[in-house]
Each structure stands twice: as C-alpha cells, then as structure tokens.
Amino acid sequence: MKLAMIGFGQAGGKIVDKFVEYDRRTGSGVVRSAIAVNTAKADLAGLDNVPEENRVLIGQARVKGHGVGADNELGADIAEEDIDEIQGAIDQVAVHEIDAFLVVAGMGGGTGSGGAPVLANHLKRIYTEPVYGLGILPAEDEGGIYTLNAARSFKTFVDEVDNLLVFDNGAWRETGESVQGGYDRINEEIVRRFGILFSAGEVREGDNVAESVVDSSEIINTLACGGVSTVGYATETVQTESAGGLLGRFSDDDLDATETTNRITSLVRKAALGRLTLPCEVRSTDRSLVVVSGPQDHLNRKGIERGRKWLENETASMEVRGGDYPVGDTDHVGAVTLLSGVTDVPRIKALQEVAVETQDNIDDIREESDDNLESLVHDDDDELEALF
C-alpha cells in the first residue's frame, strides 16, 4: 500500500520520521511521501529522516516558532490560517502514485490534536483518495488537560477521516521506564504494527508471491466502514530449512499438517485477543483483515483459512478478509489483525468521562480564580480609586 504520510505536531512528526526509517530498513516501499507539520521550530529540527523541504513550520505570525502550549483550539486556528503553506508541500506529492493519505498526530497536545482534523477535512475536499488518521492517545497519568485535548480531538478527528486508526499509549506504558525511553519504544511498536499491515502484498524482486494476496484494495475495503480501528500482532520463531534441526525430521506434507496450520491459527487468536493498539471488545468489530507473514514453507492456505474462519466467528462478521505475505530471510511467522469499525471501547468511554470532569473542574477553577482576584485587588470599603 502506497501512502502519503503527514505528521502533524511533535508526536506525529516523530512517528512519520520513524516510518521513513522503517521503510528504508525493510525496503517495504510504503511511504511514497513524508511531510512533517509543526508550530515549533525545534521539533522540526529534531527529525532525522523527513526531508528538510518537507518540514513545514506554521503559525510563525502568532507563536513565533515556539509551539501552541497544548492549546488545541489555537492549533486548529493556525492550521486553518496556514493551510495554503501545508498544501504547498502536499502539491509535491505524486498523488497518482498513492493509495491513500495518512495523517498522524498525538491527540493530547496542541498542534497535532487541533490541526490534524483540520488537515483531514481539507484533504477530503480536494482529493478522491481515502484519508485515514492515526491518532495517539495520551496515557491516563499525563494530566487532565491532555485528556481533555484528546477527547475533543478524537471526537473531531474521527468525523473528518475515512477511518481513524488508534494507538493508546496508556495500554503500552511500562513501569519504571523513562519518559523518553517509553516514547521511543512505543513509537517502535506503532511503526512495526502499522508498517507490517501496510506493507502486506508488496512484492520485491526475488520474493515469493503469496497464494492469497492481500493488496491495498483489501485494506481499503476493510477500512471503508469508517469509525475507529485497532491492530493486533503476534509472532513466533520457527525452525527454517536452512537452519536444519527439527524441520529436517518432517516431510513438507507433515510440516503443513502438524506445524503450520496449528501455529497460524494460534497466532491469529493471539493477535486478535492479545495486546491491541487500542483495547476493545473484539465482538464489536464491523470488518476485519488478517495477514500472516513469514517463510513461505510455513504459510499454508489451510492454516490461514482456519484463522480467518476463527476471526469471522469471533467478530460475528461476514466481512473478514485474509491472506499470506511470504517474507524471505526471516525465522519468524507473524499474524497481523486489523479490526475495523469497533464500537465497544472502554478506554474511549473512560477518556470522555474524565474529559467532561476536567472541563467542569477547569470552569470551576476559573470562576473561583476570578472571584479571588476580585477580592484581592478591591478594598472592602471601596475607598481607593483606580487611576483610569
């Protein structure tokens, strides 16, 4: 799948930067164009892989390159005002070569959470290609203002894109790790999962061709139901022919019957019921897709069909697509599940409840602050006169 990726804000820019690095390392060819948009000059300077000419600084007249300070209303305003500057970078994209746009943003800050929905709306008005969002939710302990920003951005972003893929930082944080170390590891997880999903079906010179190809149209059709999507991934090390050992004791037929079928079914179950990018009730899925990748000898149609059938029963959906993705020079078999149009997501409900409470608290605090200021600067007997 060929994508034009646009990272909006600090988190979005870093993730797109990581996608470009992943693309080069794996040769997947997913990222046809990479653009980073920000109101903070320092954040753009910190990127390593997005080309300099594709780094767009907006809002200079209002925030002087220093960011919007977690004010996502200001972030949205600036995106509206400077949309022509962003479009200037998008004009360099060979749109006829891409399958879709992917707008990536952290939803807790100011620039990305405010500006990403504005950009998505703009892209959908101009182009016929699908516009997807990849939104990163802040962890619950990052503070009330970030939760409020995320809830408001989520509500807006999901309405402006053709489908919103979500990654929940809170579900992936590990105790004891540094903030920077945590973000670096989480960004790796984001890129690995979505990178494998989007690169499925890409055939490079010398690669084996899949028995059941999953191409961009399969992914687009799975995401066409709209709403919110989550991705699962599971992997297992296998003994390959080149390594000898256990595999040498089986014929190809015995290997297919005893090893690959059960392994693939098990991996699909682990991917769907394990650690999703956004935890949800699997049965609330509208459409789904499963891709199994690894050495071709370990990818048999029977195992993939069983895995697809299991996912169909688990999601109670008739629209379950599936296929294999042979990968050379690997000793891992992996399964990726895309669950699209999920509706039973406890994390989103909790996020909205905390955001409403935070909004009420902010209003109360502001009212109390105004009252306190009034009592501080005005004398009780009103004996003093102001200068003007």
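Rounded to the nearest 20 debye, the dipole size of region 11-162 about its Cα centre is 180 debye, using +1 on the Cβ of Lys and Arg and -1 on the Cβ of Asp and Glu.
Protection proxy ranking of 69-78, 87-96, by the mean of other Cβ atoms within 10 Å over each peptide's residues and highest first, is 69-78, 87-96. The dipole here belongs to region 297-349: it is taken about the Cα centre, uses +1 on the Cβ of Lys and Arg and -1 on the Cβ of Asp and Glu, and is about 260 debye. The residues packed around Leu339, meaning those with a beta-carbon under 15 Å from its beta-carbon, carry a net charge of +1 if Lys and Arg are +1 and Asp and Glu are -1.
Here the 3J(HN,Hα) profile of region 217-229, calculated from phi with Karplus coefficients 6.51, -1.76 and 1.60 at θ = phi - 60°, is 5, 5, 5, 4, 5, 5, 7, 5, 6, x, x, 10, 10 Hz, Gly and Pro shown as x. Solvent-accessible area per residue in region 26-110 equals 43 Å², computed with a 1.4 angstrom probe and all protein chains kept.
Residue-wise HN-Hα couplings along region 59-70, as the Karplus relation 6.51 cos²θ - 1.76 cosθ + 1.60 with θ = phi - 60° gives them from phi, are x, 5, 5, 9, 10, 6, x, 10, x, 10, x, 6 Hz; Gly and Pro carry x. Backbone amide hydrogens, once placed in the peptide plane, bring Val238 within less than 5 Å of His332, Val333, excluding anything fewer than 5 places away on its chain.
Distances between placed amide hydrogens fall under 5 Å for Val50 paired with no residue 5 or more residues away or on another chain.
Computing the accessible area with a 1.4 Å probe over protein heavy atoms, can you report the carbon and sulfur percentage for region 33-72? Here carbon and sulfur together make up 46 percent of the probe-accessible area. Near the amide H of Gly322, within less than 5 Å, lie the amide hydrogens of Val290, all on another chain or at least 5 residues away, with H placed in the peptide plane.
Quick one: which of Lys2/Lys124; Lys2/Lys309; Lys64/Lys124; Lys18/Lys41; Lys270/Lys309 span more than 21 angstrom between C-alpha atoms?
Working: Lys2/Lys124 17 Å; Lys2/Lys309 28 Å; Lys64/Lys124 29 Å; Lys18/Lys41 19 Å; Lys270/Lys309 15 Å.
Lys2/Lys309; Lys64/Lys124, as the Cα separations exceed 21 Å there.
The values are calculated or read from the model by the stated rules, or taken from the named source; none is laboratory data. Keep in mind that this is a model prediction, so the values were computed, not measured. Because the Cβ atoms are built from the backbone with ideal geometry, glycine has one as well, and the counts that use them run over all protein chains shown. These area figures cover heavy atoms from the full protein model, side chains too; ligands, DNA and RNA do not enter into them. Shrake-Rupley method; radii C 1.70, N 1.55, O 1.52, S 1.80 Å.
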